[in-house]
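J.: Shown below is the structure under consideration.
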Amino acid sequence: MQVDGRVAVVTGGSRGIGRSIVLSLLRDGAAVHYFSRSAGDSLEFFRSEVDGADVTHHAVDVSDEDAIKGAFEEILTARPGIDILVNNAGITRDGLIMRMSSEDWRSVMEINLTSAFLCSRAVARHMIKRRSGSIVNITSVVGKIGNAGQANYAASKAGLIGFTKSLARETASRNVRVNAIAPGFIETEMTDKLNDQQREQLVGQIPMGRIGAADEVASVCLFLASDASSYITGEVLTVGGGLAM
Ligand code: NDP
């Protein structure tokens, strides 16, 4: 996939989809810096899965602008540049609009959308200068079709799609590509919250009849991060087993 020797930054890389993305980039030979509030067992996991993995955890809360700035300064001091950025960190704070607190609105916007702006801004100048780079934003099918009880989440993910296309237009002539992945329902701690009845109902809506695996998102991310997708920018690839086709 040609990411050998590239430097990648992944937000929310400790668990779930982000963990699979970090692992697939490491397996393909990239050096990976990943952000999350805590590392948990992730560093040991990556080192046990990939011999000689060049992987670094940064304890960064992506709602903290100064922490993001500091981490990118640290990375750019240690590395010649950043080739790949994956904006993956995300949360849900579900509730019907009438009962949704302003805090639940704001925190979802900050962590899911504003963080992608801050991280992309931190790398864009370097990528443009080097005439090379790939940014992948993890949005959601919910950003395309909406979902009752997730107005904050859907707005943040739809915002991420608009952000992807706008940044892609700004950077395309400098060979910096910006794309998004819209996963459907993927087995992670985020979807663990669903009860059996919700799960059954969901699976019933998926043409492929099953929930997806984090690896199935990571492989598409590797494709978008690598030169295999060298003529693709401003796109949103849905990884949802046919959901929202
Ligand atoms: P998980 O909850 O399993 O993992 C979330 C990751 O983000 C963790 O590494 C977590 O680490 C990190 N994170 C959360 N908040 C912050 C924060 N404030 N600062 C830094 N890191 C943070 O989520 P998923 O893997 O399921 O989701 C990953 C992305 O995929 C999200 O953007 C989500 O919206 C999107 N997605 C997921 C779908 C699914 O079905 N699972 C479907 C569609 C989209 P820590 O808590 O230590 O900070």
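J.: What does the charge count near Lys193 come to, summing +1 for each Lys or Arg and -1 for each Asp or Glu among other residues with Cβ under 11 Å from its Cβ?
T.: Summing Lys and Arg as +1 and Asp and Glu as -1 gives -2.
J.: Under the rule a/c < 1.5 gives rounded, and otherwise a/b versus b/c splits prolate from oblate, where does region 100-245 land using the Cα gyration tensor?
T.: oblate
J.: Follow-up. Using a 10 Å cut-off on Cβ atoms, rank the peptides 73-83, 125-135, 151-161 from the highest mean neighbour count down.
T.: On the way: 73-83: 14.6, 125-135: 18.2, 151-161: 21.5.
Result, highest mean Cβ count within 10 Å first: 151-161, 125-135, 73-83.
J.: Give me the percent of the accessible area of region 1-113 that comes from carbon and sulfur atoms, probe 1.4 Å, all protein chains in place.
T.: On region 1-113, the fraction of accessible area on carbon and sulfur atoms equals 46 percent.
J.: Quick one: ranking Lys165, Lys193 by accessible area, 1.4 Å probe, largest first, what do you get? Walk me through the intermediate numbers first.
T.: On the way: Lys165 95, Lys193 140 Å².
Result of the area sort, largest leading: Lys193, Lys165.
J.: Let me ask something else about it. I need to check one value: relative contact order of region 73-222, counting alpha carbon pairs closer than 8 Å and at least 6 residues apart, in percent.
T.: That works out to 24 percent.
J.: Heavy-atom accessible area of Phe223 with all protein chains present, probe 1.4 Å, nearest 10 Å²?
T.: Probe radius 1.4 Å; accessible area of Phe223 about 60 Å².
J.: Considering only protein heavy atoms and a 1.4 Å probe, what is the carbon-and-sulfur percentage of the accessible area of region 120-235?
T.: The computed percentage sits at 49.
J.: Report the label-to-label distance for Gln201 and Asn175 in nanometres (one decimal), using points 7 Å from each Cα along the Cα→Cβ vector.
T.: Taking the two extended label points, one gets 5.0 nm.
J.: Say a paramagnetic label sat at a point 7 Å from the Cα of Arg131, along Cα to Cβ; which residues of region 39-82 have their backbone N under 20 Å from it?
T.: Only 80-82 fall inside the zone, counting backbone N under 20 Å.
J.: What's the angle, to the nearest 10 degrees (0 to 90), between helix 151-171's Cα axis and the longest principal axis of the chain?
T.: Approximately 30 degrees, to the nearest 10.
J.: Which whole-number value in Å² is the accessible area per residue of region 33-165, probe 1.4 Å? Mind dumping the intermediate values first?
T.: Details: 6400 Å² over 133 residues.
The answer is 48 Å² per residue.
J.: Same structure again: At a 10 angstrom cut-off on C-beta neighbours, averaged per residue, how do the peptides 8-17, 30-39 rank from highest to lowest?
T.: Listed from highest to lowest mean packing, they are 8-17, 30-39.
J.: So what's the angle, to the nearest 10 degrees on a 0 to 90 scale, between helix 115-130 and the longest Cα principal axis of the chain?
T.: 30 degrees
J.: For Ala78 and Ser219, what does the FRET efficiency come to when R0 = 25 Å and r is the distance between their Cβ atoms, rounded to the nearest 0.05?
T.: About 0.35, to the nearest 0.05.
J.: Count charges around Trp105 for me, please; just the other residues with Cβ under 12 Å from its Cβ, Lys/Arg as +1, Asp/Glu as -1.
T.: -1
J.: First check a/c for region 170-229, with a ≥ b ≥ c the square roots of the eigenvalues of its C-alpha gyration tensor; if it is under 1.5, answer rounded, and if not, answer prolate when a/b is larger than b/c or oblate otherwise.
T.: Since a/c reaches 1.5 and a/b is larger than b/c, the shape of region 170-229 is classed as prolate.
J.: Just how much of Val203 is accessible, in Å², when a 1.4 Å probe is used and the result is rounded to the nearest 10?
T.: Answer for Val203: close to 40 Å² accessible.
The values are calculated or read from the model by the stated rules, or taken from the named source; none is laboratory data. Owing to the predicted nature of the structure, the values given are computational and were not obtained by experimental measurement. Methodologically, a virtual Cβ is constructed for each residue, glycine included, from the backbone with ideal geometry; neighbour enumeration extends over all protein chains shown. Ligands, DNA and RNA are excluded from the accessible area calculation, which covers all protein heavy atoms including side chains. Shrake-Rupley method; radii C 1.70, N 1.55, O 1.52, S 1.80 Å.
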